[in-house]
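For reference, the structure is listed below as structure tokens.
The values are calculated or read from the model by the stated rules, or taken from the named source; none is laboratory data. Here the structure is a predicted model, which is why all the values come from computation and not from measurement. For neighbour counting, all protein chains shown are included, and Cβ atoms are generated from backbone atoms with ideal geometry for every residue, glycine included.
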Amino acid sequence: MITAEEALDRLQAGNKRFASGNHEIALLDIEKRRAALTEGQEPFAIILGCSDSRVPAEIVFDQGLGDLFVIRVAGNIVAPSQIGSIEFAVEQFGTPLVIVLGHSDCGAISVTLDSLENPSEHQQSNLYSIVNRVRPSLEPLLATNLRNDRKALLKQAVRANIRASANHIRHSSPVLEQHHQNGKLLVVGAKYSLETGVVDFFDGMPT
């Protein structure tokens, strides 16, 4: 298995190819790759991303079958099922890198801001199970001048939620926390731009 830094380099290079339109994965022998993977898998990175249809991780990072262990949920939130999935990949495959991948103009973040600014008694319980996990990272922003600029507020809210999810992964599980402290697991927060296709890796980057 490659190191976390090498895995990060591969993702950064893949995103540059995607954003510039120079894809490589389409050139690979998919049938041969699929057959090889019946014997097992060794994903080099775990992606906890949003369910938004415009942000498919394999395409965004120009990766192929068996390369990424992808978990998708609205708002790239962290709940026990997501932690368990990450633990599984880390323990079973030795995957050294987790990327929390949010994106610009995230609907889950926008809905959460709406619920904070205009509380309602009529809440959809399943939707608000997501909102309630996003809410704590957004509440401090509404105590600043950002509350008067919705576009800037949404931009910072997306980043705050990504940071919160990444930090949750680092510290909410004894297994993951130990791997992180031992240098065996790197957790990085990143934001995908719907406008440019570029991923900004900004939280937890190695020095």
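If you filter the range 102-125 down to residues that are over 23 Å from LEU48 (Cβ atoms) and among the charged types (D, E, K, R), you find that the one that is modelled with the highest pLDDT is ASP114.
Checking LEU142 against (1) at pLDDT below 95; (2) surrounded by fewer than 17 Cβ atoms within 10 Å (Cβ to Cβ); (3) aliphatic (A, V, I, L, M); (4) under 22 Å from SER53 (Cβ atoms): exactly one of these is not met. Which one? So LEU142 meets the others, but not (4). Scanning the range 159-207 for residues that are hydrophobic (A, V, I, L, M, F, W, C) and in contact with a His (Cβ under 7 Å, 6 or more places away or on another chain) yields LEU185, VAL187, LEU194.
If you go through the range 48-99 and keep only what is of a type outside the set (A, V, I, L, M), in contact (Cβ under 8 Å) with a residue 12 or more places away in the chain and not in a loop (DSSP other than H, G, I, E, B), you end up with GLY49, GLU58, PHE69, ARG72, GLY75, ASN76, GLN82, SER85, GLU87, GLU91, PHE93.
Kindly evaluate ILE130 against the criterion of being surrounded by 14 or more Cβ atoms within 10 Å (Cβ to Cβ), of a type in the set (Val, Ile, Thr), part of a helix (DSSP H, G or I) and in contact (Cβ under 8 Å) with a residue 60 or more places away in the chain.
no
Taking the criterion of being aliphatic (A, V, I, L, M), part of a helix (DSSP H, G or I) and touching a Leu at 6+ places or on another chain (Cβ under 8 Å), the residues of the range 100-118 that qualify are ILE109, VAL111, LEU113, LEU116.
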